[in-house]
1. May I ask you to say which residue of THR107, THR102 is in a helix (DSSP H, G or I) and in contact (Cβ under 8 Å) with a residue 40 or more places away in the chain?
2. Name every residue in segment 83-119 that is crowded, with 20+ Cβ neighbours inside 10 Å, β-branched (Val, Ile, Thr) and closer than 17 Å to THR183 by Cβ, in order of residue number.
3. With the requirement that a residue be among the hydroxyl-bearing types (Ser, Thr, Tyr) and within 17 Å of CYS95 (Cα to Cα), what does segment 26-66 give you?
4. Where residues in segment 144-196 are of a type in the set (Val, Ile, Thr) and in contact (Cβ under 8 Å) with a residue 60 or more places away in the chain, which of them is surrounded by the fewest Cβ atoms within 10 Å (Cβ to Cβ)?
5. Step by step: first the residues of segment 162-176, then only those that are over 17 Å from the mean Cα position of the chain (by Cα) and in a strand (DSSP E or B), then the one that is nearest to LYS207 (Cα to Cα). Which residue is that?
6. Can you tell me which of (1) closer than 14 Å to ARG80 by Cβ; (2) among the hydrophobic types (A, V, I, L, M, F, W, C); (3) within 20 Å of the chain's Cα centre (by Cα) is the one LEU182 doesn't meet?
7. Out of all the residues in segment 89-96, is one or more part of a strand (DSSP E or B), under 16 Å from ALA163 (Cβ atoms), in contact with a helix residue (DSSP H, G or I) (Cβ under 8 Å, 6 or more places away or on another chain) and at pLDDT 90 or above?
Amino acid sequence: MRRRSFLRQATACLGTVCLTLVGCKQTAQVLHPCQKDMVGSNCAGAEVYKPLIHEAVGKLLARHSHGVEPVGNPPSCVKRICFVGVENASAEELCDFKEQITEIIDTLLVESRIFQTVSRRFVEVGLRQLRLRPDELFLPANQRAFKAVLEQQGQPFDYLLFAKLTSGTTRNNSDMQRDYLLTLELVDLQTGQPDKESATLRKSYHKSHLHKALAY
C-alpha cells in the first residue's frame, strides 16, 4: 500500500511540471566562392584571418614589386627568403588556423614571383635539427647556424620572414571589441635591417541573455 501511495504522489508531482526535450541536429553546406565566410561568435575565424593575410602580404609584395622579373625570364636578383612561420601573441588560440595561415602566406609569396621561398619542409627540419624556436633566430649566432644547415640542404637564403598575430581588447559591460593585427617582418641577414608591413581588422562581440522558462 505504501508503495502504491508513493507512486501516485510521484506521478501527481511530475504531472505539474512540463518538460520539453529539444534534440540538436547538425547540418552543413558547401560555401560557394561568392558566399561570405561565416562570422565566428566567440573568436576570430576565416572572416578575420583571410583579410589580414591578403592585406599584409599585398603591402609587402607591393613594396618589393620593382624587382619582379617578366614572365618567362630567368630570375636575376630575386630575393630568396625563408619564412619561419606564425607567432601567436593574441588573446585567442589559433588551433588549426595556425598551419593554414602559414600555408596561405607561403603560397602567396610563391605565386607572386617577387620572392623565391625556401620550402617549409626544409625550414621545419632545420629548426628541429638545431632545436630552435622561430623567435630565437633573431640572435646572430642562431641565424648563422640555421643558414648553414639550410645551405647544406641546398636551400640558401638572404632574408628571414616572420609573421606575428596580436590583439587588443576593449570591453563595454558584456560587449567587447577586439582589434586584430598581423605583422610581417622581413629581416635582411647581411644588414640586419627589418622591413615591416601590417594589417588590422576590428571585430565586435555581443552577448544576448537567454531566459529559460519552466511551466508548472
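The values are calculated or read from the model by the stated rules, or taken from the named source; none is laboratory data. For clarity, every value in this text was computed on a predicted model and none was experimentally measured. Heads up, the Cβs are rebuilt from the backbone with ideal geometry, glycines too, and the neighbour counts pull from every protein chain shown.
1. Values: THR107 fails: in contact (Cβ under 8 Å) with a residue 40 or more places away in the chain.
Only one candidate passes the filter, namely THR102.
2. VAL84, VAL86, ILE101, ILE105
3. So in segment 26-66, the residues among the hydroxyl-bearing types (Ser, Thr, Tyr) come out as 27, 41, 49, 65.
If the condition is that a residue be among the hydroxyl-bearing types (Ser, Thr, Tyr) and within 17 Å of CYS95 (Cα to Cα), then SER41, TYR49 are the ones that fit.
4. First, pick out the residues of segment 144-196 that are of a type in the set (Val, Ile, Thr): 149, 166, 169-170, 183, 187, 191.
From what's left, in contact (Cβ under 8 Å) with a residue 60 or more places away in the chain: 166, 169, 183.
Numbers: THR166: 16, THR169: 12, THR183: 18.
The extreme case among them is THR169.
5. Step one: list which residues in segment 162-176 are over 17 Å from the mean Cα position of the chain (by Cα), which gives 169-176.
From what's left, in a strand (DSSP E or B): 169-172, 175-176.
Details: THR169: 15, THR170: 14, ARG171: 12, ASN172: 11, ASP175: 6, MET176: 9 Å.
Ranking the qualifying residues of segment 162-176, first place goes to ASP175.
6. (1)
7. Applying the first criterion (part of a strand (DSSP E or B)) to segment 89-96 yields 89.
Then drop every residue that is not under 16 Å from ALA163 (Cβ atoms), which leaves 89.
Among the residues that remain, those that are also in contact with a helix residue (DSSP H, G or I) (Cβ under 8 Å, 6 or more places away or on another chain) are: none.
No, segment 89-96 contains no residue that is part of a strand (DSSP E or B), under 16 Å from ALA163 (Cβ atoms), in contact with a helix residue (DSSP H, G or I) (Cβ under 8 Å, 6 or more places away or on another chain) and at pLDDT 90 or above.
Yes/no per residue for (1) in contact with a Lys or Arg (Cβ under 7 Å, 6 or more places away or on another chain); (2) at pLDDT below 75; (3) under 30 Å from ASP179 (Cα atoms):
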position: THR16; (1), (2), (3): no, yes, no
position: GLN29; (1), (2), (3): no, yes, yes
position: LYS36; (1), (2), (3): no, yes, yes
position: GLU47; (1), (2), (3): no, no, yes
position: LEU61; (1), (2), (3): no, no, yes
